[in-house]
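Shown next, in structure tokens, is the structure this report addresses.
The values are calculated or read from the model by the stated rules, or taken from the named source; none is laboratory data. Treat the numbers as computed from the prediction; the structure is a model and nothing was measured. Glycine also receives a Cβ, built like all others from the backbone with ideal geometry; neighbour counts cover every protein chain displayed. SASA here: full protein model, heavy atoms, side chains in, ligands and nucleic acids out. Shrake-Rupley method; radii C 1.70, N 1.55, O 1.52, S 1.80 Å.
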Amino acid sequence: MARAMLEYTKIVLKKVSFNSELFCIELSKALKRLLPFEIEELTIWIKQFTANKPELNACLLLIG
């Protein structure tokens, strides 16, 4: 179940990546519901996903 939530979060973040405000909102929701080890995985994924999307860099502040 936990793994499914991480994958679902990635899908949602991909779908809202056209809007940085929505991306930040969904990311902060995910940070509240995921387990610590999943947040670590998500952090790695987000850094790779946003590498060529500078408009989403502000959201990286949420993950520290």
Report, by residue number, each residue of region 39-64 that is part of a loop (DSSP other than H, G, I, E, B) and either more than 16 Å from Glu26 (Cβ to Cβ) or more than 9 Å from the chain's Cα centre (by Cα) (or both). Thr50, Ala51, Asn52, Lys53, Gly64
Please find, within region 14-36, the residue that is most open to solvent (accessible area, probe 1.4 Å) out of those that are more than 9 Å from the chain's Cα centre (by Cα) and closer than 12 Å to Leu56 by Cα. Phe18
Conditions first: (1) touching a helix residue (DSSP H, G or I) at 6+ places or on another chain (Cβ under 7 Å); (2) at pLDDT below 95; (3) open to solvent by less than 50 Å² (accessible area, probe 1.4 Å). Ala58 passes all but one, so which condition is the exception? (3)
Only residues in region 17-33 that are closer than 15 Å to Glu55 by Cβ count as the first member; pair them with residues that are small (Gly, Ala, Ser) and surrounded by fewer than 16 Cβ atoms within 10 Å (Cβ to Cβ), Cβ under 9 angstrom, at least 6 apart or cross-chain, and list the lot. Ser20/Ala58; Cys24/Ala58
Taking region 46-55 on its own, how many of its residues are surrounded by 15 or more Cβ atoms within 10 Å (Cβ to Cβ) and not hydroxyl-bearing (Ser, Thr, Tyr)? 2
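Can you tell me which residues in region 1-11 are aliphatic (A, V, I, L, M) and surrounded by fewer than 16 Cβ atoms within 10 Å (Cβ to Cβ)?
Hits for region 1-11 are Met1, Ala2, Ala4, Met5, Ile11.
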